[in-house]
Every structure is written in C-alpha cells, then in structure tokens.
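J.: Submitted below is the structure of interest, expressed as structure tokens.
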C-alpha cells in the first residue's frame, strides 16, 4: 500500500539523490496520477448516464424514470453527503496532527459509507424486502438502474476498504503534518464517489416523468 | 514504525476554525440538495436539476477534493 503510507526520506536522515524526485515532488506526481485515474473513470459513468438518458425516454413524453420511493433515496444521499463532510474533517485533522478528530471523523466516514451501502443493497435493491420496488429483469428500467447503482456501490466498497486502511495507518502514526498523502488520496477518492452520486441521484430519482413498473 | 500510543500522544491544541470551511461547504451542499429535491418533486425541470448538480460538483471538486492543488502546488517544483 505505497499510496497509503507517508514516509518522508528526510525523516530518516538519508542523503537525497538529485536524480530522484523529492517526497514533495512525488506527492505532486501521485496527485496528478490519481486525478487522471478519476478522469478516466468519468468515461465509465458518463456511458451509464448516456444509457439512462437514451433508454429511459419516450418519443412523446420525453425523459422517463422508474417510480421509486423518494424519501429513502434522499436520506441515503444525505448520509453520503455527511460522510463526505467527515472525510474532509479527517483530512484537515491529519494536516494539523489532530489525531483524535482524525480517528473519530474517519470512523464516522466509514459508518456513514456503510449505512449508504447497506441502504442501497437492502432497500433500493430490495434484498431485505419481501416485494422489491425494482428488479434487474424489469426491462430497460431494471437493467440501467442496477448497472448504475451497482457500479457506484462497487466504488463505495473500494472506498470503505481504503478508509479502513488509512484509519489503521493513521493509528500506527504513518501520517504527519508534512506528509499525509495517504489521507489526501483516500479523501480524493471518497469525494469522487460522492461526486458520481451527485449526478446519479437526480438522473435516477428526479429527472423525467415517473413511470409505474408493472408487477410492483 | 511507531505503535498505537503514538496517536494517543498526539492531541495538540488545534484551532477549530480550520474546520469551518469544510462545514460551510457541507451546509451549502445540504441546501443545494434540499433545493434539488423540491425542484425534482414540484418543478420537474431537467435543466435546473443538471445545473444544481454541476454547482454541487464544483463545490466538492474545489473545496473537498482540492483540485486547485494540481496547479498551485505543482508550480513550486
């Protein structure tokens, strides 16, 4: 987990090879690489959004959407938003070596992310319900809904693993005021997951005319 | 590396104002989400909803993700 560790060569008293990048230069390159990775993933999520706007459409009525319950979707969206705030607190705390706030905030980020994930799996996908609102077999509505929420959920799971690793490394004292790249990388990734949901939430639940799915 | 006592020992007095920017952004995002919800339910306008999403995304990218660090901190080297 090279990305999650925060070793600074200067701390070890080693002579710096001028041919090799300094830790700060390395962080600048790491940051650029992570943003490139995020940008490459935009194409994947844009493809899913394109499928949504192309397939959930009627030539006469215009944009459509499956008629889903609004309340729980709004609550889960707010939960993810709160998790983003806690992640920001954790990052600021690590930059200020406020380890108590770092620990609490990162733990809250994990809990909120887990609530969001379980909410999607057991409520939105209906795995905990006797009569699910929508199934993958419900034509274009079901296929696109599960593709979008499924792809996002996989990223939430990855983010939760990342948060857990960074929390552990933070407790082992791997981050300092000068070098907390692991926390910053985790924060960028977690906010990126939130960023994707910012576009997915209105696309799935708000835009278009609600259509009742037969058999539900 | 250090053990668990390392993190417990580090509890310096921190200026709580450093957290304010994140909190203010969180409140702005919450307000925009509430507006988004009411627009979606009572005034279904796709254009308005997309604009609200873009505004929220700009806030997240600028404040939470720190996109400006890409060129600000890159310039020092």
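Derivation of every value follows stated rules applied to the coordinates shown; laboratory data play no part. Keep in mind the model is a prediction, meaning the values are calculated, not measured. For neighbour counting, all protein chains shown are included, and Cβ atoms are generated from backbone atoms with ideal geometry for every residue, glycine included.
J.: So, in Å, what gap is there between the alpha-carbon centers of segment A:155-216 and segment A:60-80?
T.: 19 Å
J.: Rounded to whole Å and ordered largest first, report the semi-axes of the equivalent ellipsoid of segment A:150-197 derived from its Cα gyration tensor (root of 5λ).
T.: 23, 12, 5
J.: Please state the relative contact order of segment A:68-207 as a whole percent: Cα pairs under 8 Å, 6+ residues apart?
T.: 30 percent
J.: What order do you get for B:54, A:92, B:14 when you list them from fewest to most C-beta neighbours inside 10 Å?
T.: The order, fewest Cβ neighbours first, is B:54, B:14, A:92.
J.: Relative to the longest principal axis of chain A, what angle (0 to 90°, nearest 10) does the C-alpha long axis of helix A:70-95 take?
T.: With rounding to tens, the tilt is 10 degrees.
J.: Computed over the Cα atoms, what is the radius of gyration of segment A:72-113 divided by 2.2 N^0.38 Å, N being its residue count? Numbers along the way, then the final one.
T.: Numbers: Rg = 11.0 Å, N = 42, 2.2 N^0.38 = 9.1 Å.
That works out to 1.20 for segment A:72-113.
J.: Could you give the alpha-carbon Rg of the protein assembly as shown over 2.2 N^0.38 Å, rounded to two decimals?
T.: For the protein assembly as shown, the normalised Cα radius of gyration is 1.10.
J.: A further question on this structure: With 10 angstrom as the radius, rank B:41, A:204 by how many other C-beta atoms surround their C-beta, starting from the fewest.
T.: Lowest count first: B:41, A:204.
J.: Continuing with this model, one more query. For peptide A:197-206, what's the mean number of Cβ atoms from other chains within 10 Å of each residue's Cβ?
T.: That average works out to 6.
J.: Using all C-alpha to C-alpha distances in segment A:68-207, build P(r) with 10 Å bins and read off the rounded percent in each one.
T.: 12, 41, 27, 14, 5, 0
J.: While we're on this one: For the modelled label position 7 Å from the Cα of residue A:24 along Cα-to-Cβ, which residues of segment B:37-77 have backbone nitrogen atoms closer than 11 Å?
T.: B:73-77
J.: Continuing with the same structure: Averaged across the residues of A:30-36, what count of C-beta atoms belonging to other chains lies within 10 Å of each residue's C-beta?
T.: On the way: counts 0, 6, 3, 0, 2, 5, 0.
Shielding by partners across A:30-36 averages 2.
J.: Still on this structure: Order by neighbour count: A:91, A:25, fewest other Cβ atoms within 10 Å first, most last. Spell out each step's value before the answer.
T.: On the way: A:91 27, A:25 13.
Ascending number of Cβ neighbours within 10 Å: A:25, A:91.
J.: Whole-Å semi-axes of segment A:119-167's equivalent ellipsoid, largest first, each the root of 5 times a Cα gyration tensor eigenvalue?
T.: 26, 13, 5
J.: Next question, about the same structure. Round to the nearest 10 and give me the degree value, 0 to 90, for the angle of helix A:99-119's Cα axis relative to the longest principal axis of chain A.
T.: With both axes taken from Cα atoms, the answer is about 20 degrees.
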